[in-house]
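Have a look at the structure below before the remarks.
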Amino acid sequence: MTDITAFGPWPEWDEIDHVLLDMDGTLLNLGFDNEFFSEFLPAQYAVANDISEEAAQEDLFARYKAVEGTLQWFDIEFWGEELGLDVVGLTEQQSHKVSLHPDADAFLKHMQTIGKPAFLVTNAHRTTLNIKVKRTGIDQYLEKMVCSNEVGSPKHHASFWDHAKEEIGYDPARTLFVDDSEKVLVAAREHGIRYILHRSKPSIVDPPKPSDQFHSIEDFHPLMYPRKFPCL
């Protein structure tokens with residue numbers, strides 16, 4: 001049986017001053033991004049280049065892999081230039097499919113109710129962020145939104161966290177951070193953030209994948225209705 005005490009302390013609201021939240025997969029359903037990049041965009045690329053969708057997927061997936069984890073991977077303006085498509089326009093066209101996780105709105109309102117300021121820290125390009133904010137209205141609950149492309153480093157790099165700390169002004173020992181990426185959570189832990197939670201169900205259509213390094217939550221309910229330990 002997993003020793004969850006090795007995952008670090010479970011959040012205690014009396015010990016938390018700042019709440020840092022990822023966007024895609026944490027507040028928003030990752031299903032939009034998964035479908036857009038694996039199905040919709042290859043289909044558009046296939047039409048534009050008069051090739052099969054299978055060939056388009058193979059081409060695009062190789063291009064994705066080549067820049068995975070870099071700022072370019074998260075940059076829809078880069079992909080527009082790379083693929084010769086209006087990726088920004090296509091994202092706006094499909095933005096009606098962008099959605100909050102079912103519990104995210106209630107959680108963000110709960111943070112306001114209990115007086116815990118929430119901040120977005122995202123790898124999404126500012127252009128993508130603006131499209132998704134327009135669709136979801138999450139900015140009304142957030143004190144500030146920090147994008148990795150404006151910082152100059154993705155979230156799994158230490159320099160991102162140095163910048164975020166300076167811009168937001170949090171004390172890592174009194175901060176909660178929630179993300180669906182273990183790689184990012186490792187960087188946050190090395191930065192000194194004390195309370196770390198892994199969102200194990202980034203897409204509403206996929207089964208949860210709990211972490212073996214961090215406390216995992218499928219939804220925000222354990223934070224709104226506290227338990228001693230989360231359900232893994």
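The values are calculated or read from the model by the stated rules, or taken from the named source; none is laboratory data. Given the structure is predicted, the values throughout are model-derived calculations rather than measurements. Cβ placement follows ideal geometry from the backbone for every residue including glycine, while neighbour counts extend to all protein chains displayed.
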*Among the numbered criteria (1) buried (at least 21 other Cβ atoms within 10 Å of the Cβ); (2) outside the structural domain of residue 202 (by TED's automatic domain parsing); (3) touching a Leu at 6+ places or on another chain (Cβ under 8 Å), which single criterion is violated by residue 91?*
(3)
_Please verify whether residue 204 is β-branched (Val, Ile, Thr), assigned by TED's automatic domain parsing to the domain that holds residue 123, farther than 19 Å from residue 147 by Cα and touching a helix residue (DSSP H, G or I) at 6+ places or on another chain (Cβ under 7 Å), treating the condition exactly as stated._
yes
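Determine whether residue 115 is outside the structural domain of residue 218 (by TED's automatic domain parsing), outside any helix (DSSP H, G or I) and either surrounded by fewer than 17 Cβ atoms within 10 Å (Cβ to Cβ) or in contact with a Lys or Arg (Cβ under 7 Å, 6 or more places away or on another chain) (or both).
no
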*Examine segment 196-216 for a residue that is over 14 Å from residue 16 (Cβ atoms) and part of a helix (DSSP H, G or I), and state whether such a residue exists.*
no
*Limited to segment 11-22, what total is found for residues that are out of contact with any Lys or Arg (no Cβ under 7 Å at 6 or more places or on another chain) and either within 24 Å of residue 80 (Cα to Cα) or part of a loop (DSSP other than H, G, I, E, B) (or both)?*
3
_Just checking, does segment 105-128 include any residue being modelled with pLDDT under 95 and under 16 Å from the mean Cα position of the chain (by Cα)?_
no
_Residue under evaluation residue 3, criteria (1) at pLDDT below 95; (2) of a type outside the set (S, T, N, Q); (3) in contact with a strand residue (DSSP E or B) (Cβ under 8 Å, 6 or more places away or on another chain); (4) at negative phi, criterion not met_ = (3)
*Hey, could you check segment 35-82 for residues that are of a type in the set (Gly, Ala, Ser) and not in a helix (DSSP H, G or I) and say which is modelled with the highest pLDDT?*
52
_Boolean, residue 167 is touching a strand residue (DSSP E or B) at 6+ places or on another chain (Cβ under 8 Å), more than 17 Å from residue 103 (Cβ to Cβ), surrounded by fewer than 15 Cβ atoms within 10 Å (Cβ to Cβ) and touching a residue at least 12 places away in the same chain (Cβ under 8 Å)_ = yes
*Considering every residue within segment 53-74, establish whether at least one is touching a Ser or Thr at 6+ places or on another chain (Cβ under 9 Å) and in contact (Cβ under 8 Å) with a residue 60 or more places away in the chain.*
yes
*Do the conditions hold for residue 28, that is, is it over 20 Å from the mean Cα position of the chain (by Cα), crowded, with 19+ Cβ neighbours inside 10 Å and at pLDDT 95 or above?*
no
